[in-house]
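Down below is the structure, laid out as structure tokens.
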């Protein structure tokens with residue numbers, strides 16, 4: 001027996017769906033979106049540096065190890081590719097899944113990730129967000145940034161696909177709100 005309430009799917013599945021409205025309205029709360037797109041790019045560059053530095057250190061270690069072992073250690077270079085993927089997924093998953101819902105770069109730029117209905121990000125969402133970002137960038141190059149100019153929330157293509165929105169952190173939003181009032 002299925003429910004017959006307003007939020008149910010009368011289809012064959014028998015499952016009910018609770019459709020949630022967007023939590024962040026740019027018309028009511030413009031301070032949540034002010035400057036996010038530009039600061040998001042800087043946050044991305046900070047995160048790329050954080051991800052890249054340990055990988056460069058690992059490559060340098062393997063190179064020196066190869067010299068010491070007369071080239072035998074250089075066989076470890078094949079590990080760099082899978083290690084870089086695991087490291088990037090772990091970095092995005094753990095930082096976006098933290099209570100701050102932000103990577104280190106995003107924290108520096110005072111922005112945070114939320115689901116479109118307002119819930120904080122979690123590990124799997126952070127990892128999937130990173131994967132979808134890298135896939136869309138690989139296919140569409142920087143054109144994914146253009147999407148942000150044509151929607152009021154400044155969401156990029158991968159945000160729309162995954163169901164996330166980036167907003168100013170509460171402290172920054174409060175500062176922007178007080179400036180607008182005063």
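The values are calculated or read from the model by the stated rules, or taken from the named source; none is laboratory data. Keep in mind that this is a model prediction, so the values were computed, not measured. Neighbour counts run over all protein chains shown; Cβ positions are idealised from the backbone, glycine included.
Restricted to the stretch 84-109, and to residues there that are in contact with a strand residue (DSSP E or B) (Cβ under 6 Å, 6 or more places away or on another chain) and outside any helix (DSSP H, G or I), the residue that is nearest to residue 52 (Cα to Cα) is 102. Consider the stretch 84-99 and keep the residues that are free of Cβ contacts under 8 Å to residues at least 24 places away in the same chain and within 19 Å of residue 171 (Cα to Cα). The one that is surrounded by the most Cβ atoms within 10 Å (Cβ to Cβ) is 98. Here the condition is being in contact with a helix residue (DSSP H, G or I) (Cβ under 9 Å, 6 or more places away or on another chain) and modelled with pLDDT under 90; of 130, 180, it holds for 180 alone. Scanning the stretch 100-127 for residues that are loosely packed, with under 15 Cβ neighbours inside 10 Å and either on the phi > 0 side of the Ramachandran plot or at pLDDT below 95 (or both) returns 117, 118, 119. On inspection, residue 175 fails the criterion of being closer than 24 Å to residue 90 by Cα, more than 13 Å from the chain's Cα centre (by Cα) and part of a helix (DSSP H, G or I).
From 136, 164, grab the single residue that is buried (at least 16 other Cβ atoms within 10 Å of the Cβ), within 18 Å of residue 26 (Cβ to Cβ) and touching a helix residue (DSSP H, G or I) at 6+ places or on another chain (Cβ under 7 Å).
Details: 136 fails: within 18 Å of residue 26 (Cβ to Cβ).
Checking each option against the conditions leaves just 164.
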